[in-house]
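In what follows, a single structure is set out as structure tokens and then discussed.
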Amino acid sequence: MAAPVDQELKKAFADLQTKVLYTQQKVKLADLQIEQLNRTIKHANLTDGEIAALPGEARMYEGVGRMFILQPKVIIHNQLLEKQKIAEEKIKELEQRKSYLERSVKDAEDNIREMLMARRGQ
């Protein structure tokens with residue numbers, strides 16, 4: 001009777017280990033993406049600060065591929081604000097995904113603990 005229990009526990013631990021490794025990879029990836037998005041926000045903020053110091057009639061060019069397009073200051077300012085807003089939204093999504101992954105691993109660990117406690121009780 002002990003052999004099926006051991007096999008069941010062995011399978012549960014193997015599944016947990018696989019899930020933990022998968023989750024760790026996903027969390028690291030999310031952390032890297034969050035770090036990159038924070039750099040994007042900071043870059044856009046600094047650029048917007050420099051643009052704000054320029055006079056309104058200053059000629060400004062937006063880089064598009066291998067060319068530059070003349071744009072009014074207001075449009076460039078709005079684009080930078082939009083870029084910051086999109087990056088902040090993505091960061092929120094990544095944080096939620098990260099917390100979900102961590103919570104799912106914790107639930108799997110708790111299930112195995114309950115299984116072990118139930119086996120000890122028998």
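The values are calculated or read from the model by the stated rules, or taken from the named source; none is laboratory data. Here the structure is a predicted model, which means the values were calculated and not measured. Please note: Cβ atoms are built from the backbone with ideal geometry, for glycine as well, and neighbour counts cover all protein chains shown. Quick note on the areas: whole protein, heavy atoms, side chains included, nothing else; ligands and nucleic acids left out. Shrake-Rupley method; radii C 1.70, N 1.55, O 1.52, S 1.80 Å.
Below are the figures for this structure:
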{"read-out": "Matching entry among 10, 26 (being open to solvent by less than 90 Å² (accessible area, probe 1.4 Å) and not aliphatic (A, V, I, L, M))", "value": "26"}
{"read-out": "Criterion (in contact with a helix residue (DSSP H, G or I) (Cβ under 8 Å, 6 or more places away or on another chain) and surrounded by 11 or more Cβ atoms within 10 Å (Cβ to Cβ)) met by exactly one of 37, 46", "value": "37"}
{"read-out": "Residue match in the stretch 77-98 (condition: within 30 Å of residue 9 (Cα to Cα) and either part of a helix (DSSP H, G or I) or open to solvent by 60 Å² or more (accessible area, probe 1.4 Å) (or both))", "value": "yes"}
